[in-house]
1. Step by step: first the residues of the range 278-314, then only those that are part of a strand (DSSP E or B) and in contact (Cβ under 8 Å) with a residue 60 or more places away in the chain, then the one that is nearest to VAL179 (Cα to Cα). Which residue is that?
2. Spot the failing condition for SER321; the list is (1) surrounded by fewer than 16 Cβ atoms within 10 Å (Cβ to Cβ); (2) part of a loop (DSSP other than H, G, I, E, B), and only one is missed.
3. Select from the range 28-49 the residues that are touching a residue at least 12 places away in the same chain (Cβ under 8 Å) and more than 14 Å from GLU5 (Cβ to Cβ) and write down the one among them that is surrounded by the fewest Cβ atoms within 10 Å (Cβ to Cβ).
4. Please go through the range 195-219 and pick out each residue that is assigned to a loop (DSSP other than H, G, I, E, B), in contact (Cβ under 8 Å) with a residue 24 or more places away in the chain and either among the hydrophobic types (A, V, I, L, M, F, W, C) or surrounded by 11 or more Cβ atoms within 10 Å (Cβ to Cβ) (or both).
5. Does the range 145-167 include one or more residues that are hydrophobic (A, V, I, L, M, F, W, C), buried (at least 18 other Cβ atoms within 10 Å of the Cβ), at pLDDT below 90 and under 26 Å from SER321 (Cβ atoms)?
6. Whether any residue in the range 138-157 is closer than 23 Å to GLN239 by Cβ, in a loop (DSSP other than H, G, I, E, B), touching a Gly at 6+ places or on another chain (Cβ under 9 Å) and not polar (S, T, N, Q) is what I want to check.
7. When the range 168-184 is examined, which residues are found to be surrounded by fewer than 24 Cβ atoms within 10 Å (Cβ to Cβ) and outside any helix (DSSP H, G or I)?
8. Considering GLY222, GLY242, which residue is surrounded by fewer than 12 Cβ atoms within 10 Å (Cβ to Cβ) and assigned by TED's automatic domain parsing to the domain that holds GLN118?
Amino acid sequence: MGTKERLLSLLEGHKGEYFSGEEIARLLSVSRTAVWKAVNTLRADGYEIDAVQNRGYCLDAHTDILSVSGIRQQLDSRWESLELELIPCAASTNALLRERAANGAPEGSVILANQQTQGRGRLGREFYSPPDTGIYLSLLLRPQALEPTQAVKITTMAAVAACRAIEAVSGKQAQIKWVNDIFLNGKKVSGILTEASISLESGRLDYAVLGIGFNVYPPAGGFPPALAEIADSILRNQQNQGKNLLAASFLNHFLDIYHGDDPAEYAAAYRERSMVIGQPIQVISPSGVRNAYALDVDKDCRLIVRYEDGTIDRLSSAEISIRA
């Protein structure tokens, strides 16, 4: 960790407090000149650092910039071994992490970005990923006990974790549109994409890359016209450490579930937040569109539906829409 990163960690851990250049130099074991250069570099990165004669440097208490040190301060000590990497702009955090996974990256590798230029959702759809207002995160998993057909469980675990993280930061109740979209007040604020690689030798999952995007704040100029009626942000106004709190809270909640011993617990939490159970829906598949009624989500997180002809089906993959 360089001087800039260590200085940021110090200031983020003591927002609103002043440290003299001499004190920072002593704490970081660097020269006063190195401190001055690190302060200027952080300012160029967008951090509001106040400098007052005879008092020193202070990070503005309302700063909300995604950072590795800010996330680590909020992570549970059990997950301190996570390898976090923050990229200002990535084509796709999922694509980048899949390359790392193929080259042997360990479970717990995390890539975050402030912007994506080729963000993707399910079925190859574009995931709108503008700069500085969202969180785009991918986590590498190497599950030992999941069959390829059970990969949907990772998505449902992530959906529950996302709801809990959003609720912790915003105080609002989040809902899940099966299987991978998170809604607040009837509009989408987060989307999940899980991509898996299957071992040809064992037929089991070699790895899975869990990707999630959060619309934290409204984008500059608003959402594009095609999204304006269906997308929203989690927070309206900048919140102190809002992004770092949300990212860390998601990782904490997801890893609690992923390493937990009670799959029934997260399945129940998923049902509680479902916005489709008890609703008329359309099931969209390569064979066509069928009207149905969403009955429940089972212990394997499959959506149980009843079609108009009375037949019952359990969906592990499909696209659905809620009928008016």
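The values are calculated or read from the model by the stated rules, or taken from the named source; none is laboratory data. Because the structure is a prediction, the values reported are computed rather than measured. Using ideal geometry, Cβ is built from the backbone for each residue, glycine included, and neighbour counts are taken over all protein chains shown.
1. Here the answer is LEU303.
2. Of everything listed in (1) surrounded by fewer than 16 Cβ atoms within 10 Å (Cβ to Cβ); (2) part of a loop (DSSP other than H, G, I, E, B), SER321 misses just condition (2).
3. First, the residues of the range 28-49 that are touching a residue at least 12 places away in the same chain (Cβ under 8 Å): 28, 30, 34-39, 41-42, 45-49.
Add one more test, that the residue is more than 14 Å from GLU5 (Cβ to Cβ), and what stays is 36, 46, 48-49.
Working: TRP36: 15, GLY46: 10, GLU48: 13, ILE49: 17.
Among those that are touching a residue at least 12 places away in the same chain (Cβ under 8 Å) and more than 14 Å from GLU5 (Cβ to Cβ), it is GLY46.
4. Result: ARG204, VAL216, TYR217, PRO218, PRO219.
5. Checked against the condition, which is being hydrophobic (A, V, I, L, M, F, W, C), buried (at least 18 other Cβ atoms within 10 Å of the Cβ), at pLDDT below 90 and under 26 Å from SER321 (Cβ atoms), the range 145-167 yields at least one hit.
6. So in the range 138-157, the residues closer than 23 Å to GLN239 by Cβ come out as none.
Within the range 138-157 (the criterion being closer than 23 Å to GLN239 by Cβ, in a loop (DSSP other than H, G, I, E, B), touching a Gly at 6+ places or on another chain (Cβ under 9 Å) and not polar (S, T, N, Q)), the answer is no, since none of the residues qualifies.
7. Residues satisfying the conditions are GLY171, LYS172, GLN173, ALA174, GLN175, LYS177, ASN180, ASP181, PHE183, LEU184.
8. GLY222
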